[in-house]
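See below for the structure under consideration.
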Amino acid sequence: MNLFEFSEEQNMLRDMVREFVNAEVKPVATKIDEDEAIPRELINKIGEVGLFGTVFPEEYGGGGFGEVGYCIAQEEMGRGCLSTATMIGAHMSIGTNAIFLGGSEELKQKYLPKLCSGEWIAAFGLTEATAGSDSFNVRTRAVLDGDEWVLNGEKLWITNGGFADVISVFARTTRGVTAFAVETKWPGFSAGPKEKKMGIRGSMTNALTFKDVRVPKENMIGAEGRGFLTAMKTLDAGRLGLGACCVGTAKELIELSTRYAKERKQFDSPIANFQAVQFMLADMWATVYAMESVVYRTAADYDAGKKVSTQSAAVKLMCSEGLEKVVDYAVQIHGGMGYSRELPIERMYRDSRINRIFEGTSEIQKLVISHDMLKKNGLWNL
């Protein structure tokens, strides 16, 4: 494909998601933030239009659009509500994708159709008190007892954890970190209270407890001891979707800021006539142009089967930090109104900050990139 010309089907997907976001998501984005919850009716509508399975093959009930299509959908969702985009990403790009990437065919057939339709919601259970940036250091344990694994431990900061139906959980076994598909209805599972967060308040985040949860052997995702590899492969894709959300939010901020700059007058002139504002807008545009380019280049490489671990780390780093620059300029252009809850800029400012932390901090992305550079003596591998 020509990287910068989307196919007719991809453009139709963008149009469909944009119409859905404009009609169903944007009108309730402020209420989602204030209520700290995404309405179940909206979640049901997202499932009805197929946005919970965009990336997956049609044989599992997905849309068959691959990673590029998923990034298109998440870019548009990022324009409307980062809480909602985060919920979708945690469900599809990491929670369900771990099963898709590492699971047996039987496990995929068991869960993917329900997850692609939105009948069930997924989450991704990796982070713990001792395993945040040090994600290999998980302490949750699984012990084999006959035909079942017995799971004990705790997870922290799990998006969708309080209402998910199945969670891709990573635990330590005798052979290393192993992944399991764990249904939340099983005895011994419990979710803690919803975390009170600065931003993406509508996205539910919970601590999870597993107390003698019995998991059938067939619900192991991949081979024993290969769970960490599954987690890292899953996060490669997750970071691309996160980058796309950042692109969408940043584009929305540019549109709002440009319109406001033309309308707002000071010294008897629209502030768009002032060079200081023009330079901020120019910096915003240039930043988003680069963000968009790296997202879709890497997504296309991912769909082509190329290894993109270092590149996806660069996407996550560049887009999360680029959005911080863009949203800060947007607040500055809007002045006092940008700091007021009367406009969406204030919410978008709070929502954007988390992107430099979850799915690997900026510092972790720099470690991934620099380690690859040193291993290859700085040589490009594009």
**Fill in**
Among the residues of the stretch 346-381, the number that are assigned to a helix (DSSP H, G or I) and farther than 19 Å from G243 by Cα is 7
**Residue within the stretch 177-192 that is more than 26 Å from K108 (Cα to Cα) and at pLDDT 95 or above present** = yes
**Request:** From T159, T209, T140, grab the single residue that is closer than 24 Å to R356 by Cβ and modelled with pLDDT of 95 or more.
**Result:** T159
**Request:** Considering every residue within the stretch 351-360, establish whether at least one is out of contact with any helix residue (DSSP H, G or I) (no Cβ under 8 Å at 6 or more places or on another chain), acidic (D, E) and closer than 25 Å to D134 by Cα.
**Result:** no
**Prompt:** Do the conditions hold for D236, that is, is it acidic (D, E), under 22 Å from G102 (Cβ atoms) and within 17 Å of the chain's Cα centre (by Cα)?
**Reply:** yes
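To keep it simple, each residue is scored yes or no on (1) over 19 Å from the mean Cα position of the chain (by Cα); (2) within 30 Å of V25 (Cβ to Cβ); (3) not in a loop (DSSP other than H, G, I, E, B).
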position: K185; (1), (2), (3): yes, yes, no
position: E195; (1), (2), (3): no, yes, no
position: I200; (1), (2), (3): no, yes, no
position: N206; (1), (2), (3): no, yes, yes
position: G225; (1), (2), (3): yes, no, no
**Prompt:** For the stretch 262-318, which residues satisfy the criterion of being among the small types (G, A, S) and over 31 Å from the mean Cα position of the chain (by Cα)?
**Reply:** S269, A272, A276
**Request:** For I333, indicate whether it is farther than 30 Å from T230 by Cβ, assigned to a helix (DSSP H, G or I) and modelled with pLDDT of 95 or more.
**Result:** yes
**Asked** Out of T205, T209, which single residue is among the polar types (S, T, N, Q), surrounded by fewer than 17 Cβ atoms within 10 Å (Cβ to Cβ) and not assigned by TED's automatic domain parsing to the domain that holds E34?
**Response** T209
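Table: residues versus (1) surrounded by fewer than 21 Cβ atoms within 10 Å (Cβ to Cβ); (2) at positive phi; (3) in contact with a Cys (Cβ under 6 Å, 6 or more places away or on another chain).
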residue: W285; (1), (2), (3): yes, no, no
residue: E292; (1), (2), (3): no, no, no
residue: L323; (1), (2), (3): no, no, yes
residue: I333; (1), (2), (3): no, no, no
residue: I354; (1), (2), (3): yes, no, no
**Message:** I'd like the residue in the stretch 149-172 that is surrounded by 18 or more Cβ atoms within 10 Å (Cβ to Cβ) and polar (S, T, N, Q) and, out of all such residues, is nearest to the chain's Cα centre (by Cα).
**Reply:** T159
**Request:** For the stretch 245-261, name all the residues that are within 27 Å of the chain's Cα centre (by Cα) and among the small types (G, A, S).
**Result:** G248, A250, S257
**Prompt:** Out of all the residues in the stretch 265-283, which are in contact (Cβ under 8 Å) with a residue 24 or more places away in the chain and surrounded by fewer than 16 Cβ atoms within 10 Å (Cβ to Cβ)?
**Reply:** D283
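Quickly run through the stretch 170-202 and pick out the residues that are of a type in the set (D, E, K, R) and either within 12 Å of N152 (Cα to Cα) or outside the structural domain of S135 (by TED's automatic domain parsing) (or both).
Pass one, the stretch 170-202, residues of a type in the set (D, E, K, R): 172, 175, 183, 185, 194-197, 201.
The answer is R172, and nothing else.
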**Prompt:** A313 passes all but one of (1) surrounded by fewer than 19 Cβ atoms within 10 Å (Cβ to Cβ); (2) in contact with a helix residue (DSSP H, G or I) (Cβ under 8 Å, 6 or more places away or on another chain); (3) part of a helix (DSSP H, G or I); which number fails?
**Reply:** (1)
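Results for (1) out of contact with any helix residue (DSSP H, G or I) (no Cβ under 6 Å at 6 or more places or on another chain); (2) modelled with pLDDT of 95 or more, shown as yes or no for each residue.
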| residue | (1), (2) |
| --- | --- |
| F4 | yes, no |
| D15 | yes, yes |
| F20 | yes, yes |
| K26 | no, yes |
| T30 | yes, yes |
| N44 | yes, yes |
**Request:** Return yes when E346 is buried (at least 23 other Cβ atoms within 10 Å of the Cβ) and under 21 Å from C81 (Cβ atoms) and no when it is not.
**Result:** no
**Message:** Here's a check for you: in the stretch 37-91, which residue that is touching an Asp or Glu at 6+ places or on another chain (Cβ under 6 Å) and of a type in the set (G, A, S) is nearest to P113 (Cα to Cα)?
**Reply:** G64
**Flag for Y260 being in contact with a helix residue (DSSP H, G or I) (Cβ under 8 Å, 6 or more places away or on another chain), in a helix (DSSP H, G or I) and either among the β-branched types (V, I, T) or not assigned by TED's automatic domain parsing to the domain that holds V55 (or both)** = yes
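Listed here are the residues, each with its yes/no results for (1) more than 15 Å from I121 (Cα to Cα); (2) of a type outside the set (S, T, N, Q).
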residue	(1), (2)
G153	yes, yes
T174	yes, no
T178	yes, no
G188	yes, yes
K194	yes, yes
M204	no, yes
L208	yes, yes
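The values are calculated or read from the model by the stated rules, or taken from the named source; none is laboratory data. Please read all numbers here as calculations on a predicted model, not as lab measurements. Using ideal geometry, Cβ is built from the backbone for each residue, glycine included, and neighbour counts are taken over all protein chains shown.
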